[in-house]
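Data block below; observations after.
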Amino acid sequence: MSRVHVAIIGGGLVGASLALALQDSARQRGWRIALIEPFAPGSDYQPSYDARSTALSYGSRLIYERLGLWQGIAQRAEPIQQIHVSDRGRFGATRLQAIEEGVPALGYVVENAWIGHCLWQALDADVVEWRCPAEVSAMQRLDDGYRLTLSDGASLECDLAILADGGRSALREQLGIGVNVKPYGQSALIANVSPLEAHRGQAFERFTDDGPMALLPLSDNRCALVWTRASADAERLLAISAASFLGELQQAFGYRLGALQQAGARHLYPLSLVEAQEQVRPHLVVLGNAAHSLHPIAGQGYNLSLRDTLALAEVLIGSEGPLGDFATLQRYQQRQQLDQQLTVGFSDQVTRLFSNAQPLLSAGRNLGLLGLDLLPPAKRWFARQAMGLGTRSL
């Protein structure tokens, strides 16, 4: 029976970021970290037109700079210089600009595979042991940690187990950790598209009576589309021809980037706000989408998880108690509670406000967008939320 100090269940972007955040201190203290992941990370990065992307906030750039990773990520990060927020068919609009906020970019759009590649290259095999491909099929609570049963029959014991296996975590359910679920009755259709005109680092958040859409700048003058529609209509958009899809998208988005010329593979994701009722237990932390899954339109989900990850690493490194000590883990949760409440609330309210065709709400959000342009403090607050800086200073 082998034993490690920290077992991270899920070697995706959140799990690998935590391993990196702990790595230097783990090396000094002799901690062994196991990263358990069903899909083997590729040693070579392969560019793809259809690659899935993540919008990293400016705050996330600061975190990756602290972890020594930003220089690598930046090689394929497309800066967001301006966010254009508008309401289709109405005159309310606002623009957030990096230069006005005194930052080099409001955020960056990066292919997930590239972030993963940079993370995996930065992990030290002498400190972080990959168990891959492997899955945890069962978890047993011990007095001093957890015993993990892997899908190949092997067992692993740990002082601290990190559950970072995604929003549909089977282990979370197995452990009896309940979730609060708010279905939005919507699905997000995600694809990469190419416009005729250069995007020049502009991101677009466009709200329509049928649901919000975001078009984010990518490298090679591509744009990452997140189009939220009622679930039945999203299924229809997934099934129609590429030409018909581009035509409907053009009609909904307009010609701010000229004609939309190419659309890649389309993927559909049903949307709900999901929050775990417990994020910490003795010797256990629930992290990433397993802790909270947000609507993608405000681009807050991964950035919040990354802030959680850094906070957890700092609390663990700064603690004098044993790994897995419940009081230490509660300090982490208390530290992140306000950030989580504000971010989840911001994302949820933006989604509900801008997915509603009621005339009074439509008029209110129209005035709200105008007000952002007219009231610098309100616009500054909105910009700081978008940059992932809501509860911290630069």
For the stretch 243-262, name all the residues that are more than 20 Å from ASP210 (Cα to Cα) and open to solvent by 20 Å² or more (accessible area, probe 1.4 Å).
ALA243, ALA259, GLN261, GLN262
Can you confirm whether the stretch 332-340 contains a residue that is of a type in the set (Phe, Trp, Tyr), at pLDDT 95 or above and open to solvent by less than 10 Å² (accessible area, probe 1.4 Å)?
yes
Search the stretch 160-181 for residues that are surrounded by 24 or more Cβ atoms within 10 Å (Cβ to Cβ) and pair each with any residue that is of a type in the set (Lys, Arg) and modelled with pLDDT of 95 or more when their beta-carbon atoms are under 9 Å apart and the residues are at least 6 apart or on different chains.
LEU163/ARG172; ASP165/ARG172
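For the stretch 233-256, which residues satisfy the criterion of being among the small types (Gly, Ala, Ser) and not in a helix (DSSP H, G or I)? Walk me through how you get there before you give the answer.
Just the residues of the stretch 233-256 that are among the small types (Gly, Ala, Ser), to begin with: 234, 239, 241-244, 247, 252, 254.
Residues satisfying the conditions are SER241, GLY254.
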Within the stretch 172-210, the residues that are under 20 Å from the mean Cα position of the chain (by Cα), more than 30 Å from SER48 (Cα to Cα) and assigned to a strand (DSSP E or B) are VAL179, ASN180, VAL181, LYS182, PRO183, TYR184
Scanning for something touching a residue at least 24 places away in the same chain (Cβ under 8 Å) and assigned to a helix (DSSP H, G or I), does the stretch 257-279 turn up at least one residue?
no
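In the stretch 1-37, how many residues are outside any helix (DSSP H, G or I), surrounded by fewer than 16 Cβ atoms within 10 Å (Cβ to Cβ) and either of a type outside the set (S, T, N, Q) or at pLDDT 95 or above (or both)?
First pass over the stretch 1-37, keeping only residues outside any helix (DSSP H, G or I): 1-12, 30-37.
Filter once more, so that each one left must be surrounded by fewer than 16 Cβ atoms within 10 Å (Cβ to Cβ): 1-3, 30.
Imposing the further condition that a residue be either of a type outside the set (S, T, N, Q) or at pLDDT 95 or above (or both) reduces the set to 1, 3, 30.
Matching residues across the stretch 1-37 total 3.
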Among ASP339, ASP348, which is farther than 22 Å from VAL6 by Cα, out of contact with any strand residue (DSSP E or B) (no Cβ under 8 Å at 6 or more places or on another chain) and not basic (Lys, Arg)?
ASP339
Those residues that are under 17 Å from ALA164 (Cβ atoms) and touching an Asp or Glu at 6+ places or on another chain (Cβ under 9 Å), I need them from the stretch 304-332; list them, please.
LEU304, ARG307, ASP308, ALA311, LEU323, GLY324, TYR332
Residue within the stretch 298-308 that is touching a helix residue (DSSP H, G or I) at 6+ places or on another chain (Cβ under 7 Å), farther than 18 Å from GLY345 by Cβ, of a type outside the set (A, V, I, L, M, F, W, C) and modelled with pLDDT of 95 or more present
no
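How do the strands (runs of 3 or more DSSP E) wholly within the stretch 44-145 filter down when requiring 2 or more residues that are free of Cβ contacts under 8 Å to residues at least 60 places away in the same chain and surrounded by fewer than 19 Cβ atoms within 10 Å (Cβ to Cβ): which remain? Write out each step before concluding.
Values: elements: 53-57, 78-80, 82-87, 93-97, 107-111, 128-131, 136-142.
In the stretch 44-145, 136-142 are the strands (runs of 3 or more DSSP E) which contain 2 or more residues that are free of Cβ contacts under 8 Å to residues at least 60 places away in the same chain and surrounded by fewer than 19 Cβ atoms within 10 Å (Cβ to Cβ).
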Selection from the stretch 211-229 of residues in a strand (DSSP E or B) and touching a residue at least 40 places away in the same chain (Cβ under 8 Å) yields GLY211, PRO212, MET213, ALA214, LEU215, LEU216, PRO217, ALA224, VAL226, THR228, ARG229
Tally of residues being within 22 Å of the chain's Cα centre (by Cα) and at negative phi across the stretch 252-301:
33
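The values are calculated or read from the model by the stated rules, or taken from the named source; none is laboratory data. Since this is a predicted model, take the numbers as computed values, not measurements. So basically every Cβ, Gly included, is an ideal-geometry build from the backbone, and we count neighbours across all protein chains shown. SASA here: full protein model, heavy atoms, side chains in, ligands and nucleic acids out. Shrake-Rupley method; radii C 1.70, N 1.55, O 1.52, S 1.80 Å.
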